[in-house]
Structures are given as structure tokens and as C-alpha cells.
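The values are calculated or read from the model by the stated rules, or taken from the named source; none is laboratory data. Since this is a predicted model, take the numbers as computed values, not measurements. Don't worry about glycine lacking a Cβ; one is built from the backbone with ideal geometry, like all the others, and counts go over all protein chains shown.
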Amino acid sequence: MENTNLGGNVDPILTGLLKPKSIAIIGASSNPDKIGYTVVKNLNESGYEGGIYPVNPKDPEILGHKAYPSVKDIPYVVDAAVITVPAKVVLPVIKECGEKGVKGAIIITSGFAEVGDHATEDALVATAKQYGMRILGPNIIGTLSNSDKMNASFAGFLPYDGKATMVSQSGALLIALDAASYSRGVGFDKMISIGNMSDVNFADLITYLTDDPHTSCISLYVEGLKNGPRFMEAARKCTKPIVALKSGVSAHGAAAAASHTGSLAGSSKIYEAAFKQAGISQATDLNDLFDRTLAFSLQPPMRGDNLLVITNGGGVGVLATDAAERAGIPLRFAPEDVQQELKKHMPEFGSAKNPVDITGQGGHEWYYASTKFAYAHPWVDGLTVLYCETAVTEPMDIAQAIHKAIVDSGVTGKPVSVSFVGGERSDKAMRWIVEQGIPCYNAPDLAVKALGALREEARIEENRQSGTYNPENVDGQKAREIIAAARAKGRTALTEVEAKQVFAAYDLPVTATELATSEDEAVRMANSIGYPIVMKIVSPDILHKSDAGAVKVNIKDEQGVREAYKVIMDNSLAYKADAFIDGIAIQEMAPWATEVIVGSVNDSTFGPTVMFGLGGIFVEVLKDVTFSVAPINLAEAEAMQDDIKSAPILRGVRGESPRDRKALAKVLANYAYMIYDLKDEVAESDANPVIVYEEGKGVKVVDARIILTKK
Ligand code: ACO
């Protein structure tokens with residue numbers, strides 16, 4: 001049932017830090033009020049079997065261990081040093097650790113970047129680097145590991161034992177979750193406090209834990225990342241489920257997180273997109289983080305959509321049905337043969353549809369028989385068993401029957417979850433069933449939601465196969481030349497004509513556009529593009545072209561071109577007499593269809609990010625847009641189209657034919673490739689509007705804008 005990966009490419013330095021054979025506690029103390037005392041006491045009490053070497057300037061012995069005045073005086077190899085001295089002496093201590101050959105420092109001490117002292121924190125990292133040493137923290141509670149019997153922290157005890165590993169940016173929260181792991185029955189092998197992430201960060205730990213045989217699921221509490229793309233890469237390569245709770249999603253919360261950890265909390269929508277792309281399951285709150293962790297650490301992914309629910313109560317059955325729909329695995333009626341068999345294990349008035357209601361009369365025999373049959377049946381991709389406490393049943397009997405049925409079925413690799421609703425007797429049974437490796441919740445919707453998360457995990461596995469996208473017909477060199485020419489003229493905004501040339505260099509289907517500098521040239525160009533055409537002023541001094549009366553549409557012939565040329569020139573000069581005018585753009589007039597917008601931003605955490613939405617009111621009023629961190633593949637580009645609320649419009653509603661989603665996916669993927677390739681050059685860009693025609697008829701980028709980075 002467990003999801004364990006026994007890998008082997010583990011970084012020996014990180015191993016020294018996280019799985020040390022010996023630990024020095026620098027700032028160890030005999031004073032029970034000191035953190036340096038608690039860490040030594042915790043190592044003793046957790047049964048740590050490696051060397052424990054307290055370091056203290058005056059005490060010769062601390063809590064039964066010989067103490068040394070300096071780490072350099074320890075006559076043995078020291079893998080890790082837990083540092084609990086005040087901030088002002090941490091830097092010289094790190095230097096001594098380096099000289100001693102310590103592999104990693106676990107710096108509990110606060111008072112660095114999180115209070116604005118970036119300089120000392122940077123110096124710590126630079127010093128550690130000189131000696132090839134890694135730093136966990138500073139500003140952390142330390143690290144805890146059941147499999148290593150190691151509580152190298154000032155949290156009171158090792159977490160409830162299990163297969164998940166929690167990495168948290170907040171130390172205080174980790175102490176609380178350590179305690180909560182017992183009351184919730186959610187088991188962890190390790191809990192790692194990551195604090196300011198001056199050196200070791202989430203990406204390092206995800207990579208390390210991917211190969212840790214004691215970790216089957218990684219749980220993250222994230223306030224802000226420093227290097228989004230590295231984080232995404234590590235998560236994408238991780239073959240174990242990752243669940244993350246990102247705090248600081250509200251504007252006020254983001255400010256609180258920033259001051260808390262000294263890192264920047266990026267925009268929540270972009271975080272959401274990045275986590276999704278990296279295959280990270282997103283928890284909505286702490287309870288959800290625990291609920292998902294429980295499911296992921298105990299059960300395999302759900303590899304099909306058929307969820308069967310067995311219940312002894314109609315009410316919880318209905319709640320489960322609603323939850324299934326919300327979780328993206330709506331219940332379907334089981335096939336007739338399944339129903340016929342299940343009917344044998346319920347009274348006349350029960351229901352063998354889905355949910356399968358064995359009624360309040362359902363005792364442990366019926367639970368056993370229906371669970372065993374359903375779990376083994378190939379139609380069932382995932383099973384949820386619900387129980388409402390009744391006076392005529394004993395919850396522990398039911399729990400044991402469910403567990404025995406699962407074991408006796410002989411089936412593995414299929415997820416099951418359970419919910420017990422009731423009082424103390426149910427709580428006891430619930431804890432017992434979790435101890436047997438079956439996630440159990442105190443509400444039916446939570447049990448179903450757990451399977452929803454496992455279904456999502458299977459989809460993440462499938463998407464992992466979809467690979468990268470390498471567009472054809474791309475000429476990045478040409479795009480750079482156009483940009484360089486604009487920069488040479490002192491501009492950081494490209495004209496529409498230039499922007500379209502850059503877009504075209506990335507094989508984006510822009511409307512044919514040429515720049516005319518005389519009336520005759522305009523006529524020649526219009527004749528070659530074909531009528532009707534659009535004419536627009538091209539001037540760095542006139543950004544709002546329509547307001548200036550400098551746009552004319554639907555020009556049908558040569559006469560019209562000549563008239564428009566004069567009017568646009570006159571209006572432009574009347575609007576701004578000293579405007580510098582490059583010329584007039586002569587443009588193919590694309591027929592109207594469904595209007596979408598594609599844009600980009602350079603996010604401070606994740607880098608170039610593409611935005612997509614339907615045009616007009618959908619974007620302006622409803623803000624119905626979605627983001628993806630660039631680059632993206634074609635599958636992700638299609639997923640973006642499904643991600644917006646107005647997605648049905650692209651699929652075709654009320655008799656309208658579906659739009660060309662394939663061509664639009666190519667535009668999105670090529671656009672993302674472009675902003676990624678030109679990330680040093682392009683600060684912002686958009687293609688607005690982009691017209692999407694009927695299936696098979698393509699897409700046209702009607703207008704293009706590029707703002708360059710400042711150099
Ligand atoms: N080498 C070895 N030992 C030294 C050295 C040195 N260079 N310098 C001092 N020491 C000893 C001290 O003599 C003392 O031992 P003693 O009790 O025998 O005298 C011990 O180190 C500790 O030094 P103190 O000056 O007593 O410092 P104190 O223990 O009060 O505080 C601490 C140190 C805990 C690191 C504090 O500065 C700190 O940062 N506290 C916050 C830690 C924290 O909360 N981190 C997690 C944040 S996450 C969250 O939110 C929970």
C-alpha cells in the first residue's frame with residue numbers, strides 16, 4: 001500500500017546534515033531554561049545513537065556527555081553542528097565548523113535576514129561555502145527524524161511515527177504540527193525546519209527526500225520561495241506525492257509572510273499555477289494539509305474515475321456524493337453485476353447503486369462482505385467506506401471488518417479511505433484503522449476528498465510523461481536583431497510592426513502588417529496584402545491611437561487607402577504636433593470570431609509567466625484569466641484553455657461550433673517559449689486581441705505589444 005521509492009543518488013553533504021552520524025551542539029548548556037540544553041536533552045531522550053558532543057566555553061560535561069570548549073577540540077568526526085549561540089557569535093562559530101570539517105550546520109539562532117540583517121546571513125553562507133559545508137536555517141527549530149531516532153531540535157518530542165516528511169518555513173508551526181501529529185494520527189518520519197533558507201532550500205530537500213526510503217510523501221508549509229524555477233524542477237522530478245500549503249495568498253497575508261521570513265511571497269495566482277504545473281497537490285488549510293498527507297502517505301494514486309462508496313447511512317452517503325462531485329470524481333452507478341452481488345449483503349430496503357447503502361442495520365458481516373467484494377472488483381478504481389455510529393453496532397468491530405476485508409481481498413495498488421462519524425468509540429476505532437494503514441476521517445466528505453487527491457495524483461503522474469515542447473520554425477536570432485535595433489534608437493517599447501516581427505519569429509500567426517512611409521507605398525502594400533485592410537499610425541509618441549483618430553478599419557480599395565493615409569497623418573499631427581512618426585501600418589483585416597488575450601509578466605519568483613483569458617468583459621470585468629510559468633508544452637497549453645471559467649465558449653456552446661483549440665494551444669506554447677527565450681529582453685508583452693476561429697480554421701494575432709527590460 002505504501003508509496004516508497006528506494007533511490008540511491010543522495011548528496012553526501014546533505015546526508016551528513018540530515019542523517020548525521022555525530023552531532024556537535026554549539027551553545028549547549030546545563031541551564032534547563034536554555035535552548036542549548038533542550039537540544040542535548042532531546043537527542044538523549046529520542047535515543048540518538050550517534051556521537052553527541054556538546055560545545056560550551058566553561059562546562060566540562062553536559063547532560064552526561066563530555067563537553068568541549070570549541071568544536072575544533074572534539075577529537076572525533078563531526079557530521080552536523082546544531083548552533084544555539086547568540087546571533088553575534090554565529091559567524092566565527094561557522095568558520096570553526098568549516099575548519100573542523102563539519103558537513104552541515106543546523107542554525108537555530110534567530111536575528112538574521114528575517115529582521116533585515118541580510119549581510120551577516122550572506123556572510124554565513126559564503127563562509128560555509130568556502131569549506132563545502134551546507135546550512136539549514138538560520139531561524140529554525142532544528143530537525144527531527146523517527147528513523148534516525150534523532151530529535152535535533154527544541155520541539156518536545158519526535159512526531160507520531162509514519163511515512164510522511166514535513167518541511168516547514170515556520171518553526172513555531174512545526175512545533176505545533178509535531179504535537180498535532182499525535183492527536184490527528186498523521187505519521188511523519190521527519191520534520192525539517194527550513195526557516196530563512198539561506199542555503200538549503202525546498203528544492204534541495206525535495207531532491208534529497210525523493211531518494212529517502214523512509215519518506216513516501218512530502219508535505220510542505222511554504223511562505224515564499226526564492227528560486228521558483230528550481231523548486232518546480234525538483235518537484236517535477238520527484239516521484240513521490242508532494243502536498244503544499246502556501247500561506248500569504250491575501251495581500252495582507254503576503255506582507256506578513258514577507259516580514260516573517262525575509263523572503264518575497266509572490267502573487268498567489270502564479271504560485272497556484274506553478275504548483276499545479278510542478279505536480280504539487282495544494283492544501284487549502286492546515287487540516288487539509290494533514291488530511292492529504294494522511295492519504296498520500298498511506299495509499300497509492302487512484303488510476304481511474306470509478307469511485308464506489310459503501311455506507312450505513314443515507315445522510316453521509318449524500319454528503320459523500322456531493323463531495324465526490326466537488327473532488328472531480330462524480331459517482332456513477334455500479335454495473336448491474338456489481339449491484340446484484342452487493343444486494344446479497346444488505347436488507348431488502350438497502351440500495352446497491354452508488355452510494356451502496358447497507359442501511360443502519362448493516363453490521364460487521366455485511367461491511368466485511370460488501371467491502372471485500374467491492375474492493376476486489378475491477379470496475380472499482382477507488383473505495384470509500386462510511387460508517388455512522390449506531391446503538392446496534394460496535395465501531396471497533398466495523399473497523400476490524402473493513403480492515404480484514406481489504407487484507408483478505410488480496411488486492412493492492414488501489415486506494416481506500418474510511419470515515420467514522422460518532423463519538424469516543426468511533427474515535428478509537430478510527431485511530432486503530434489508521435494504524436493499520438488505512439486513512440480514516442471523521443467526516444464523509446473528507447474521506448472522499450482524500451480519494452479526490454489520490455485521483456489528482458494519478459493525473460499528475462500521467463502528465464509527468466507529457467515532456468517538453470520544442471517549437472519548429474523559430475528564429476530567435478532575428479527577434480534579437482529587431483530588439484537590438486529598437487534599443488539602438490533608445491526605445492524600450494517596440495512598435496506594433498516590430499512586435500509582430502518578433503512574434504512572427506516565434507511562428508506566431510500575426511496578421512500581415514507592413515510599414516508604409518508614403519501614400520504610394522501604402523497602396524502597393526495594401527494591394528499585396530489584399531482588401532479589406534486596417535491602417536494605423538506607428539509613432540512612439542502616440543500610444544492611444546484610436547483616441548488620436550489614427551486608426552481606420554475596413555478599407556476596401558486603393559482610393560480608401562489614399563484617403564485614410566491623409567486623414568491619419570493629419571489627425572496624428574493635430575493630436576501631437578511634434579510627434580515622431582515612423583509611418584503608417586498597413587494591416588490585413590482579420591475577420592472577427594472569438595476574441596482571446598494572451599499576455600506575459602516576468603514574475604519575481606517564477607520568471608516569465610504567460611497569462612490567458614477570453615477577451616473583452618471576460619478579462620476586464622470578470623478577470624477570468626489563468627497563468628502558467630513558461631515554458632509550457634502543448635498539453636499544458638490545452639489545460640490552460642480548460643482552466644478559465646469561460647472555457648465552454650471555446651468548446652462551443654448553444655449550437656456554436658467549437659473553436660480551434662489545437663491552433664490556440666500552439667499559439668500559447670509558442671508564446672510561452674518566446675517569453676522564456678527572450679526573458680532577458682522582454683519585460684512585458686501581450687497579444688490582444690487574438691482571434692480564434694472554428695476548429696481547423698486557425699488563430700490570428702491581431703495586435704502585439706512588447707515592452708523591453710531596462711538595461
Ligand atoms: N561556543 C560555544 N558556546 C557558546 C559560545 C561559543 N562561541 N558563545 C556562547 N556560548 C554558550 C553560552 O555560554 C551559553 O551557555 P551557558 O548557559 O552555559 O552560559 C550558551 O552558549 C547559549 O548562549 P546564551 O548567550 O545564553 O544565549 P541564549 O541561550 O539565551 O540564546 C539563542 C541563544 C537561543 C540561539 C537565541 O539567540 C535565539 O536565537 N533564540 C531564538 C531561537 C528560535 O526561536 N529559533 C527558531 C525560530 S522559529 C520559531 O518561530 C520558533
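It is to be established whether one or more residues within the stretch 344-356 are surrounded by fewer than 21 Cβ atoms within 10 Å (Cβ to Cβ), touching a Phe, Trp or Tyr at 6+ places or on another chain (Cβ under 8 Å) and modelled with pLDDT under 95. So far as the stretch 344-356 goes, yes, one or more of its residues are surrounded by fewer than 21 Cβ atoms within 10 Å (Cβ to Cβ), touching a Phe, Trp or Tyr at 6+ places or on another chain (Cβ under 8 Å) and modelled with pLDDT under 95. Every condition in (1) away from the ligand (no atom under 14 Å from the Cβ); (2) in contact (Cβ under 8 Å) with a residue 40 or more places away in the chain; (3) under 29 Å from LYS226 (Cβ atoms); (4) not aromatic (Phe, Trp, Tyr) holds for GLY98 except the one numbered (2). The residues of the stretch 685-700 that are more than 28 Å from the chain's Cα centre (by Cα) and charged (D, E, K, R), listed by number, are GLU694, GLU695, LYS697, LYS700. Evaluation of PRO75 against the conditions (1) within 14 Å of the ligand (Cβ to nearest atom); (2) more than 31 Å from the chain's Cα centre (by Cα); (3) not hydroxyl-bearing (Ser, Thr, Tyr) shows that the sole unmet condition is (1).
VAL318 satisfies every condition listed in (1) of a type in the set (A, V, I, L, M, F, W, C); (2) surrounded by fewer than 15 Cβ atoms within 10 Å (Cβ to Cβ); (3) in contact with a His (Cβ under 6 Å, 6 or more places away or on another chain) except (3).
Restricting GLU336, GLU389 to residues that are under 28 Å from ALA458 (Cα atoms) and among the acidic types (Asp, Glu) narrows the list to GLU336. Checked against (1) in a loop (DSSP other than H, G, I, E, B); (2) more than 9 Å from the ligand (Cβ to nearest atom); (3) over 40 Å from the mean Cα position of the chain (by Cα), GLY47 passes all but condition (3). Of the set (1) surrounded by 21 or more Cβ atoms within 10 Å (Cβ to Cβ); (2) within 12 Å of the ligand (Cβ to nearest atom); (3) farther than 23 Å from ALA155 by Cα, all apply to THR109 but (3).
Give me the residue from the stretch 62-72 that is more than 17 Å from THR38 (Cβ to Cβ) and assigned to a strand (DSSP E or B) and, out of that set, farthest from the ligand (Cβ to nearest atom).
Going residue by residue through the stretch 62-72, those that are more than 17 Å from THR38 (Cβ to Cβ) are 66, 68-72.
Filter again for assigned to a strand (DSSP E or B), leaving 66, 68.
Details: LYS66: 14, TYR68: 9 Å.
Looking at the filtered set, the residue picked out is LYS66.
Applying a threshold of 7 Å to beta carbon distances and a minimum spacing of six or more residues, or different chains, the list of pairs starting in the stretch 10-30 at a residue that is more than 16 Å from ILE74 (Cα to Cα) and ending at one that is more than 16 Å from the ligand (Cβ to nearest atom) and among the small types (Gly, Ala, Ser) reads ILE13/GLY104; ILE13/GLY132; GLY16/GLY104; LEU17/GLY104.
Take the conditions (1) within 12 Å of the ligand (Cβ to nearest atom); (2) under 27 Å from the mean Cα position of the chain (by Cα); (3) of a type in the set (Gly, Ala, Ser); (4) buried (at least 24 other Cβ atoms within 10 Å of the Cβ); GLY171 misses just one of them, which is (4). Out of everything in the stretch 406-428 that is over 23 Å from GLU389 (Cα atoms) and not in a helix (DSSP H, G or I), what residue ends up being farthest from the chain's Cα centre (by Cα)? Checking each candidate, the answer is GLY410. Of all residues in the stretch 486-518, those being outside any loop (DSSP other than H, G, I, E, B), surrounded by fewer than 17 Cβ atoms within 10 Å (Cβ to Cβ) and in contact (Cβ under 8 Å) with a residue 40 or more places away in the chain number 2. A count restricted to the stretch 81-99 and to residues that are in contact with a Lys or Arg (Cβ under 7 Å, 6 or more places away or on another chain) and either farther than 16 Å from ASN56 by Cα or β-branched (Val, Ile, Thr) (or both) stands at 1.
Set side by side, the residues LEU91, LEU124, LEU63 differ, and just one is within 26 Å of SER170 (Cβ to Cβ) and surrounded by 16 or more Cβ atoms within 10 Å (Cβ to Cβ), which is LEU124. Which one of these is of a type in the set (Ser, Thr, Tyr), near the ligand (Cβ under 9 Å from one of its atoms) and either buried (at least 23 other Cβ atoms within 10 Å of the Cβ) or more than 16 Å from MET197 (Cβ to Cβ) (or both): THR38, THR84? It is THR84.
The set of residues from the stretch 432-442 being crowded, with 16+ Cβ neighbours inside 10 Å and out of contact with any strand residue (DSSP E or B) (no Cβ under 7 Å at 6 or more places or on another chain) comprises TRP432, GLN436, GLY437. Number of residues in the stretch 134-152 that are near the ligand (Cβ under 9 Å from one of its atoms) and closer than 16 Å to ASN42 by Cα equals 3. Among the criteria (1) surrounded by fewer than 14 Cβ atoms within 10 Å (Cβ to Cβ); (2) among the aliphatic types (A, V, I, L, M); (3) near the ligand (Cβ under 8 Å from one of its atoms), the one ALA119 does not fulfil is (3).
Figure legend. Inter-residue proximity from the stretch 642-657: first residues within 12 Å of VAL625 (Cβ to Cβ), second residues surrounded by 15 or more Cβ atoms within 10 Å (Cβ to Cβ) and of a type in the set (Val, Ile, Thr), beta-carbon distance below 8 Å, spacing 6+ or different chains. Indicated pairs: ASP643/THR626; ILE644/VAL625; ILE644/THR626.
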